[in-house]
Amino acid sequence: MASFKKIKGGWQAQVAIKGTRAARNFSTKAEAVSWAAERETEIRKQHETGIDLSKTVGDAFDRYGTEVSPRKKRDPKWEQNRFAFIGDQEINGRAIKTIPLHEMTSDLWGKWRDHRLDVDKVATSTVNRDFSLISNVYTVARREWKWVAASPTTDVRRPRDPESRDRRISQDEIDRFTLASGFDECPVTKVKQRVGVAFLFAIESAMRAGEICGLKPTSIDGPVATLYNTKNGTRRRVPLSKRAIELLSFLPKSSDSDAPLFGLTAASLDANYRKIRIAACTEEINFHDTRHEAITRLSKKLNILELARMVGHKDLRMLQIYYNETAENLAAMLG
């Protein structure tokens, strides 16, 4: 039952129902009465359903980031940073993190989606990735924490992802990029040359940029490279071709076994790759296109299970995205 008390500068509302108490100060009695009525309804619903209606979106983000994210295989910092970014964005003049979890309806999440697409101009894949994370938060909040009765994200229309890239890298483009990097099949001494070697090594191994940068001298054991920091968090042993091993031989030798084998960070690889790409007039080629090129080439040497194991795809359907053989080459195979 609610009670109201005149205090200095306004009114205090007090609510006490079934052992649950709450109090808040307001500048006017009308505000106090309105809040008390809403709070009483929330408390009664909470007792009836067991759902804690006092929690905000920010509370859910914080708890998930603290308890759930660190148990995942990938670096928890990515999710924690996404929660901080999304929580600070506003809907109808309110920061998302301050909105009660049960009040953040599918309509509001839809408005957030449209703002990200139409105003912020982010890619649909980014919005869908964020929605998947938010959906996971609601799932845990509903099943384990009893903070919400249902997930509003299930009713939010997801934007359609763009078609996957279908891009082969020609030998002419490879030659131009290698020339612009300064790599000439000799031991490398400059950063640009190491990027050139990384580019060629990626085409041979199908490794991602981050996986290449994470290689250390201890990662290489004969014709096999062991990757500990992969996209899906699972350790992977990658067989290396003779050409891949030859490319590694051009890199400077280091006495530090923990030093990056290529002497590059993901940021320095990306920055220097972009510069070399411009000099080589190959601006259309992303570094990740090397993975498409590598998988397409490797498909001629390995069967589908061997290929999936090498490149780390647990879902064989993913190989369809990366297999980019041209229709002309397929026609030539038919004879």
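When you count, for each residue, the other Cβ atoms within 10 Å and take the mean per peptide, how do 120-126, 182-188 rank with the highest first?
Working: 120-126: 11.9, 182-188: 14.7.
Put in order of decreasing packing, that is 182-188, 120-126.
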Using the Karplus curve 6.51 cos²θ - 1.76 cosθ + 1.60 with θ = phi - 60°, work out ³J(HN,Hα) for each residue of region 188-195 in order, rounded to whole Hz, and write x for Gly and Pro.
-> 8, 10, 10, 4, 4, 5, 5, 5
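Using a ≥ b ≥ c from the Cα gyration tensor of the chain (square roots of the eigenvalues), is it rounded, prolate or oblate, where a/c under 1.5 gives rounded and otherwise the larger of a/b and b/c decides, a/b for prolate? Spell out each step's value before the answer.
Values: a/c = 2.81, a/b = 2.57, b/c = 1.10.
Prolate, since a/c reaches 1.5 and a/b exceeds b/c.
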Taking LYS146 as the anchor, which lysines have their alpha carbon closer than 26 Å to its alpha carbon, excluding any fewer than eight residues away along the same chain?
-> LYS18, LYS45, LYS55, LYS72, LYS73, LYS77, LYS97, LYS111
On full extension of the chain, what length is gained from PHE4 through LYS253, given 0.36 nm per residue of separation minus the C-alpha to C-alpha distance?
-> 82.0 nm
Taking amide hydrogens as modeled 1.01 Å from N in the peptide plane, which residues meet the under 5 Å criterion relative to VAL238, leaving out close sequence neighbours?
-> ALA225, THR226, LEU227
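Does region 57-155 come out rounded, prolate or oblate by the C-alpha gyration tensor, with a ≥ b ≥ c the root eigenvalues, rounded set by a/c under 1.5 and, if not, prolate when a/b is larger than b/c and oblate if not?
Since a/c reaches 1.5 but b/c is at least a/b, the shape of region 57-155 is classed as oblate.
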Region 169-246: trypsin sites (Lys or Arg not before Pro) in DSSP coil with no more than 16 other Cβ atoms inside 10 Å = LYS190, LYS231, ARG235
At a Cα cut-off below 18 Å, give the lysines reachable from LYS8, other chains included and same-chain residues fewer than 8 away excluded.
-> LYS29
Counting pairs on different chains as well as pairs 8 or more places apart, how many Lys pairs in region 171-334 have Cα atoms under 24 Å apart?
-> 17
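Name the shape class, rounded, prolate or oblate, that the alpha-carbon gyration tensor gives for region 146-196, where a ≥ b ≥ c are the square roots of its eigenvalues, rounded holds for a/c under 1.5, and otherwise prolate holds if a/b is larger than b/c and oblate otherwise. Could you put the intermediate results ahead of the total?
On the way: a/c = 7.75, a/b = 2.69, b/c = 2.89.
Oblate, because a/c is 1.5 or more while a/b does not exceed b/c.
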For peptides 282-291, 8-17, sequence by mean Cβ density within 10 Å, most packed first = 282-291, 8-17
13 Å beta-carbon shell around GLU38, net charge (K/R +1, D/E -1) = 0
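FYI, it's all coordinate maths here, none of it is from the lab. Values in this document were obtained by computation on a predicted structure and should not be read as measured data. Backbone-built Cβ (ideal geometry, glycine too); neighbour counts: all protein chains shown.
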